[in-house]
Amino acid sequence: MDVNNKIKIMIADDHKLIRVGLKNSLEKNPDMVVLSEAENGKEALSKFKSHNIDVAIVDLVLGDISGVEIIRQILEYKPETGVIALSSQIKDQDVINCVQNGALAFVLKDISGDILNMIVRSVYHGAMWLDRRAVSALKYAKSGLIPQKISSRASFRARHNNLTEREYEVLKLVVDGKSNQEIANELNISEHTSKAHVCSIIQKLVVDDRTQAAVKAVKEGLV
């Protein structure tokens with residue numbers, strides 16, 4: 001496949017081992033190519049402007065320039081770029097800052113190769129993806145990232161009265177970033193049953209995944 005027909009990627013991380021691992025994983029996909037790598041912020045911005053990058057994977061800690069500032073400058077230069085913020089830990093303010101500055105994804109460094117491949121394709125097409133552990137950070141955004149509640153929990157339930165009482169409980173735990181196993185433990189049900197409830201919620205809210213279900217619940221006043 002011609003490089004022009006592939007998703008062209010830049011990786012900015014100050015650890016060579018991380019860059020090499022990400023590159024090797026991504027380039028196993030015939031539709032992806034890593035055009036440039038950078039170990040600091042200045043190099044990242046320079047290389048980004050020197051290549052026709054579609055997706056930029058940016059570590060939040062690069063030493064010379066903050067990852068959030070790099071994200072801001074990348075999108076100021078080329079707004080259509082799909083930016084993936086990469087971090088070793090979840091901090092609510094980091095999640096908020098990244099999304100406010102235009103990042104379409106926030107992922108942790110323990111992510112699997114298969115999921116990262118999916119995320120790269122998603123942001124390339126303009127979709128948003130957040131690690132489930134980062135979703136709850138959106139509940140605390142106060143500056144327009146998510147509009148302030150425009151309705152009460154009661155009106156949310158009135159609009160989505162096809163949700164069962166149990167599904168409503170499960171959805172609140174999804175918003176809190178709980179995994180299927182954690183939901184099962186919380187509600188004293190099996191993981192299989194927990195997963196079935198989440199799948200049903202996704203269908204009833206007419207969304208594509210649990211992250212979108214959580215965001216929709218926050219926007220519409222569930223929490």
Where residue 77 falls short, out of the listed (1) among the aromatic types (Phe, Trp, Tyr); (2) open to solvent by 70 Å² or more (accessible area, probe 1.4 Å); (3) touching a strand residue (DSSP E or B) at 6+ places or on another chain (Cβ under 8 Å) = (3)
Given the structure, is residue 87 of a type in the set (S, T, N, Q), in contact with a Cys (Cβ under 9 Å, 6 or more places away or on another chain) and crowded, with 16+ Cβ neighbours inside 10 Å?
-> yes
Any idea which of 62, 26 is open to solvent by less than 40 Å² (accessible area, probe 1.4 Å) and closer than 21 Å to residue 95 by Cβ?
-> 62
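Determine which member of the set 38, 56, 103 is crowded, with 21+ Cβ neighbours inside 10 Å and over 17 Å from the mean Cα position of the chain (by Cα).
Numbers: 56 fails: over 17 Å from the mean Cα position of the chain (by Cα); 103 fails: over 17 Å from the mean Cα position of the chain (by Cα).
Matching residue, one of 38, 56, 103: 38.
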Elements of type helices (runs of 4 or more DSSP H) in the range 166-223, at least 2 residues being at pLDDT 90 or above | 180-187, 191-204
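Considering the range 8-19 alone, what residues qualify as being open to solvent by less than 30 Å² (accessible area, probe 1.4 Å) and either hydrophobic (A, V, I, L, M, F, W, C) or assigned to a loop (DSSP other than H, G, I, E, B) (or both)? Give the steps one after another, and end with the answer.
Our first condition is that a residue be open to solvent by less than 30 Å² (accessible area, probe 1.4 Å); within the range 8-19, this holds for 8-13, 19.
Answer for the range 8-19, where residues must be open to solvent by less than 30 Å² (accessible area, probe 1.4 Å) and either hydrophobic (A, V, I, L, M, F, W, C) or assigned to a loop (DSSP other than H, G, I, E, B) (or both): 9, 10, 11, 12, 13.
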Any chance you could count how many residues in the range 120-135 are farther than 18 Å from residue 79 by Cα and either of a type in the set (Val, Ile, Thr) or assigned to a loop (DSSP other than H, G, I, E, B) (or both)?
-> 2
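Looking only at the range 194-214, which residues are of a type in the set (Val, Ile, Thr), buried (at least 16 other Cβ atoms within 10 Å of the Cβ) and under 16 Å from residue 163 (Cβ atoms)? Break it down into steps so the answer makes sense when it comes.
Going through the range 194-214, the residues of a type in the set (Val, Ile, Thr) turn out to be 198, 201-202, 206-207, 211.
Narrowing the set further to residues that are buried (at least 16 other Cβ atoms within 10 Å of the Cβ) leaves 198, 201-202, 207, 211.
Correct list: 198, 201, 202, 207.
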Read through the list (1) in contact with an Asp or Glu (Cβ under 7 Å, 6 or more places away or on another chain); (2) assigned to a helix (DSSP H, G or I), then give the number of the only condition that residue 22 fails.
-> (1)
May I ask you to list pairs of residues, at least six apart or on different chains, whose Cβ atoms are under 8 Å apart, with the first in the range 17-32 being within 13 Å of residue 118 (Cα to Cα) and the second being open to solvent by 80 Å² or more (accessible area, probe 1.4 Å) and polar (S, T, N, Q)?
-> 31/5
Any chance residue 29 is out of contact with any Lys or Arg (no Cβ under 8 Å at 6 or more places or on another chain), in a helix (DSSP H, G or I), modelled with pLDDT under 95 and farther than 21 Å from residue 87 by Cα | no
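The values are calculated or read from the model by the stated rules, or taken from the named source; none is laboratory data. Computed from a predicted model, the values in this text were never measured in an experiment. Backbone-built Cβ (ideal geometry, glycine too); neighbour counts: all protein chains shown. What goes into the accessible areas is simple: the full protein's heavy atoms, side chains included, and nothing from ligands, DNA or RNA. Shrake-Rupley method; radii C 1.70, N 1.55, O 1.52, S 1.80 Å.
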